[in-house]
Amino acid sequence: MSWIAICNIIIVNIIAWLALSYFWSGWNYKVFKPWLWLEMRKRKQLHTDIEAAERATADKNRFYAHWFALEQIETNHIIGDILIAGTEEPDVAIVANRHSPERKLIVIDKFENRTIEVVKENCQGEVTAQQIEIKSPNKQQLQSKLIGNYQLYEGNLCEEVKNISTQLAFISIDSVDYDEVSTTLKHIYPLLSEGGIILLHDYNHTWDSVRSAADHFEAQVPENFVWTADMYGSAVMIKNKNR
């Protein structure tokens, strides 16, 4: 067999493999998306900015957890505004803003990248200090992407969350600081409507501070956190309804 024939066989196989990969990924892409999401997209019931955020995010599970929580408070007619407490991913705020434009969106963040020092223990029992960069969106850029009724609080979460007094339907918390998570949970719980939802990021990750603060809070309320399967292990709580 000539070299030309061998090359042709290789090229044909490569093309066949690429074609198969393309159709498989397309099928796979559809199968592993939530049915409700696909139906609403087919009916053109999704805001284009929400679709864009879904395509852009690497952590699809986390995205759908937020989206379903927003769908749930609308479907169940839960009264209250939306609070984003810490927003390393600005799309979380943008999706909430587009999904529920009639609700006031409240965002609390330092709006500046910062480095924190954490102490970690490895498998050999060695304890070392590590520098971790915490990213935040640019305030002006985020503000330019929001519409309707919203309010941005710039500063420390422990202090700024105390300015919140409105009734809340959905709260997303994204912080790895024990005091920030603990203070936020304690302050917003009385403000959360019955049937309202708390979504806490980084619960099942390497941040012991998040889990410790959440577990301590959980022990003081009748509800429990349910773990989700996103990349960094969020946890969700729904406030009980008094019957």
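Coordinate-derived values only; no laboratory data. Note that the coordinates shown come from a computational prediction; the quantities given were computed from them, not determined experimentally. Ideal geometry is used to build each Cβ from the backbone, glycine not excepted, and the neighbour counts take in all protein chains shown.
What is the packing order of peptides 77-84, 172-179, 140-147, 195-202, taking the mean over residues of other C-beta atoms within 10 Å and listing the highest first?
Answer by packing, highest mean first, reads 195-202, 172-179, 77-84, 140-147.
Which three lengths, in whole Å and largest first, does the stretch 153-243 cover when its Cα atoms are put on their principal axes?
Computed over the Cα atoms, the extents are 35, 33, 21 Å.
For the pair Ser165/His47, report the inter-label distance in nm, with labels modelled 7 Å from Cα in the Cβ direction.
Calculated label separation equals 2.8 nm.
What is the packing order of peptides 158-165, 54-61, taking the mean over residues of other C-beta atoms within 10 Å and listing the highest first?
Descending mean neighbour count gives 158-165, 54-61.
Using mean Cβ contacts within 10 Å as the protection proxy, how do 187-194, 102-109, 43-50, 204-211 order, highest first?
Going from most to least packed, we get 102-109, 204-211, 187-194, 43-50.
Quick check: the distance between the Cα centres of the stretch 26-93 and the stretch 211-243, to the nearest angstrom?
Going from one Cα centre to the other spans 20 Å.
Using 0.36 nm times the number of residues separating Gln143 and Ser212, minus their current alpha carbon distance, what extension gain do you get?
Once the chain is fully extended between Gln143 and Ser212, it gains 21.6 nm.
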